[in-house]
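Data first, discussion second: the structure below is written as structure tokens.
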Amino acid sequence: MLTLSDTAVAAGFHLVHLAEVGSTNAEALALGAAGEVRPTWVVADRQMAGRGRRGRDWAGFEGNLFATLLLTDPAPAQKVAELCFVAALALDDALLNLAPDLELRFKVKWPNDALLDGAKVSGTLIEATTRGGTTQVAIGIGVNIVRHPDAMPYPTTSLHAAGIDVTRDAVFAALSRSMVTALAIWRRGEGFNAIRAGWIARAHNLGGHLVVRTDDRRIEGIFVGLDPQGRLLLDTPDGREAVTVGDVTPTLSATVH
């Protein structure tokens, strides 16, 4: 049975469980537009029109987790993007609570993907809207639990394919608990240094070579961390670059000249 953790209930979180939606993010923002101001999780059994970053589709296999957390005025506007790092740590903590042996296998990839054994197992999409001075943020989290899409331009996996026998309901309950903790550490952005340090400790390919593709550039360099605003830091032949947005892939290059 899908339920919030006792921690989430005590913190005043609310749950809306739906059989089918187009997008849990869209549903959450619609609830906000209708007047919902409580921290509210929207979870669907089936998602027919899920979205990832930059308008990409997110596959909606039943048995996977499709969840969005609606927050009202969670932080100053310039801090909202940090929630993708908060969500990454909350998911990591939730999965490690259920399967402690994942500690060395589960990594985070900038800015919003989770990797299991180097393959994508989860993605996060942050969307926000402002009405009359009130900002509402939807933190959409999709986790491949029982199935994962094939024929993708990057490796994908699911928890079951990786030998992690957990249910959607167990993952959500753990996530609803760990999200309360992660948000408390973040403290509306005041605690981002702690979130940033935790994210870097779990980062995929830290110290390795990455290629970042933006709309008009290809940037290659050594991944050295995040700056205080959460931008990706690359040491390139032309010096250190702080990347605000882009698609990241590792490269097999041994050196950057």
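Set side by side, the residues V86, V42, V108, V80 differ, and just one is assigned to a helix (DSSP H, G or I), crowded, with 21+ Cβ neighbours inside 10 Å and of a type in the set (V, I, T), which is V86. Within the range 239-257, the set of residues being at pLDDT 95 or above and part of a loop (DSSP other than H, G, I, E, B) is empty.
For the range 186-223, how many residues are of a type in the set (A, V, I, L, M), closer than 22 Å to G123 by Cα and without any contact (Cβ under 8 Å) to a residue 60 or more places away in the chain? So that I can check it myself, show each step before the final result.
Filtering the range 186-223 down to residues of a type in the set (A, V, I, L, M) leaves 194-195, 197, 200-201, 203, 206, 210-212, 219, 222.
After this cut, where a residue has to be closer than 22 Å to G123 by Cα as well, the list is 194-195, 197, 200-201, 203, 206, 210-212.
With the extra rule that they be without any contact (Cβ under 8 Å) to a residue 60 or more places away in the chain, the set shrinks to 194, 197, 200-201, 206, 210-212.
Residues flagged as of a type in the set (A, V, I, L, M), closer than 22 Å to G123 by Cα and without any contact (Cβ under 8 Å) to a residue 60 or more places away in the chain within the range 186-223 amount to 8.
Here are some residues: L69, L115, L125. Which one is open to solvent by less than 30 Å² (accessible area, probe 1.4 Å), assigned to a strand (DSSP E or B), more than 28 Å from A30 (Cβ to Cβ) and touching a strand residue (DSSP E or B) at 6+ places or on another chain (Cβ under 7 Å)? Please lay out each step first, then the result.
Working: L69 fails: more than 28 Å from A30 (Cβ to Cβ); L125 fails: more than 28 Å from A30 (Cβ to Cβ).
Within the list L69, L115, L125, the selection yields L115.
When F192 is tested against (1) at pLDDT 95 or above; (2) closer than 23 Å to Q78 by Cβ; (3) open to solvent by 40 Å² or more (accessible area, probe 1.4 Å), just one condition goes unmet, and that condition is (3). When the range 128-145 is filtered for residues that are touching a residue at least 12 places away in the same chain (Cβ under 8 Å) and outside any strand (DSSP E or B), the ones remaining, listed by number, are N144, I145.
Looking for something in a loop (DSSP other than H, G, I, E, B), modelled with pLDDT of 95 or more and either crowded, with 16+ Cβ neighbours inside 10 Å or in contact with a strand residue (DSSP E or B) (Cβ under 7 Å, 6 or more places away or on another chain) (or both) - is there at least one such residue anywhere in the range 15-24? Checked against the condition, which is being in a loop (DSSP other than H, G, I, E, B), modelled with pLDDT of 95 or more and either crowded, with 16+ Cβ neighbours inside 10 Å or in contact with a strand residue (DSSP E or B) (Cβ under 7 Å, 6 or more places away or on another chain) (or both), the range 15-24 yields no hits at all.
The values are calculated or read from the model by the stated rules, or taken from the named source; none is laboratory data. Nothing here was measured: the structure is a model prediction, and the numbers come from that model. Heads up, the Cβs are rebuilt from the backbone with ideal geometry, glycines too, and the neighbour counts pull from every protein chain shown. To get the accessible areas, we keep the full protein, side chains included, count just its heavy atoms, and leave off ligands, DNA and RNA. Shrake-Rupley method; radii C 1.70, N 1.55, O 1.52, S 1.80 Å.
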